[in-house]
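The values are calculated or read from the model by the stated rules, or taken from the named source; none is laboratory data. Here the structure is a predicted model, which is why all the values come from computation and not from measurement. Cβ atoms come from the backbone with ideal geometry, glycine included; neighbour counts cover every protein chain shown.
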Amino acid sequence: MSNTDASPSPAIVPDFDSEVGAGRKIAFICSKGNLDMAYPGLILANAALGEGAEVHLFFTFWGFDMINKKTMGDLKFTMLGNTATHMPQGLGGLPGMTAMATSRFKKSIADLDVPAVPEFLEQIVASGGHLWACRMSADMNKLTMEDLYDEVEGIISATDFIEKTEGFQLLFI
Amino acid sequence: MPVTTLDGHQINVNDEGFLADPKEWTDDIGKALAAQIGITLTDAHWKAIRFLRQDFETQGETATLRRVSTVGGIPIKELFALFPQKPAKKMAYVAGLPKPVGCV
């Protein structure tokens, strides 16, 4: 059967491994310890890994709470000082409000099948992401590798981090 | 929507090359799509693809990597090994489904 009329175009193949995006490297500096501010870095880092980028996360200052075994599963979300909740600020100061806001936040995150912080870090590491802790934050809080999430690769100085991420795209969160 | 011929099958694809109609997909097309991106399908690949197809049927959207791992039971590390670099997109492509839209 000759089929000269309906001449289909040659196969279109998605450009999964294009030269342009090859070798992309991104580092995320996570500096916040609030539950709501832990997520942007985790979500973006995870997305970057899914796009084949090399990804490093550097936890510094309050961001240390995300990798401190004692706090990582217990980050909090508060309405206080957060006008984006569009609630009267005075409400946020009432006893129990932070606990309530936190549990609501956790529920909405879980409803979207987005993992809790420790599990999210596990997923990022399984996807090939690298976790680093900030030397000064460790020293200030008298914390060692023992206190940190097992998959953290090391406690490094700001200079180490800058050296390590030469040529990277950087995102400070 | 462009029409293209793949390994003797005529299929409708979108501008990127993903199948426009998941119903046009067959195992043979899956094999041919995988070959297009340099992947030879093993049983482990098929397990992921079968899950994706079946999940799409019930959910109406393409499972994210996380869903393939938590619901489909295939560890994320393995998915990265099977479909290197961009596992979520590559799996969807081979399974004849749209790219996943979920963020995580």
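For this structure, a couple of remarks:
- Residue count, segment B:91-104 (criterion: at the interface with chain A (Cβ under 7 Å from one of its Cβ atoms) and either over 24 Å from residue A:23 (Cβ atoms) or modelled with pLDDT under 95 (or both)): 2
- Every residue from segment A:153-166 that is assigned to a loop (DSSP other than H, G, I, E, B) and either under 17 Å from the mean Cα position of the chain (by Cα) or surrounded by 15 or more Cβ atoms within 10 Å (Cβ to Cβ) (or both): A:165
Conditions tested, residue by residue: (1) within 30 Å of residue B:6 (Cβ to Cβ); (2) at pLDDT below 95; (3) out of contact with any strand residue (DSSP E or B) (no Cβ under 9 Å at 6 or more places or on another chain).
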{"residue": "A:6", "(1), (2), (3)": "yes, yes, no"}
{"residue": "A:12", "(1), (2), (3)": "yes, yes, no"}
{"residue": "A:15", "(1), (2), (3)": "yes, yes, yes"}
{"residue": "A:35", "(1), (2), (3)": "no, no, no"}
{"residue": "A:46", "(1), (2), (3)": "no, no, no"}
{"residue": "A:67", "(1), (2), (3)": "no, no, no"}
{"residue": "A:83", "(1), (2), (3)": "no, yes, yes"}
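- Of all residues making up segment A:96-152, the number that are buried (at least 18 other Cβ atoms within 10 Å of the Cβ) and of a type in the set (Gly, Ala, Ser): 7
- With respect to the conditions (1) more than 10 Å from every other protein chain (Cβ to nearest Cβ); (2) of a type in the set (Val, Ile, Thr); (3) surrounded by 20 or more Cβ atoms within 10 Å (Cβ to Cβ), residue B:11 lacks only one, and its number is (1).
- Scanning segment B:15-28 for residues that are within 9 Å of chain A (Cβ to nearest Cβ), modelled with pLDDT of 90 or more and farther than 15 Å from residue B:56 by Cβ turns up nothing.
- Identity of the residue in segment A:33-69, surrounded by fewer than 19 Cβ atoms within 10 Å (Cβ to Cβ) and assigned to a loop (DSSP other than H, G, I, E, B), that ends up nearest to the other protein chains (Cβ to nearest Cβ): A:51
- Test: residue in segment B:29-36 that is touching a helix residue (DSSP H, G or I) at 6+ places or on another chain (Cβ under 8 Å), more than 14 Å from residue B:82 (Cα to Cα), within 11 Å of chain A (Cβ to nearest Cβ) and free of Cβ contacts under 8 Å to residues at least 24 places away in the same chain: no
- Pairs where the first residue, in segment A:122-133, is more than 9 Å from every other protein chain (Cβ to nearest Cβ) and in a loop (DSSP other than H, G, I, E, B) and the second is of a type outside the set (Val, Ile, Thr) and surrounded by 20 or more Cβ atoms within 10 Å (Cβ to Cβ), C-beta under 8 Å, 6+ apart: A:129/A:45; A:129/A:46; A:129/A:49; A:129/A:56; A:129/A:57
- Residue check for residue B:59: more than 20 Å from residue B:23 (Cβ to Cβ) and within 14 Å of chain A (Cβ to nearest Cβ): no
- Which listed residue is more than 19 Å from the chain's Cα centre (by Cα), assigned to a helix (DSSP H, G or I), of a type outside the set (Ser, Thr, Tyr) and at pLDDT below 95, from A:87, A:100: A:100
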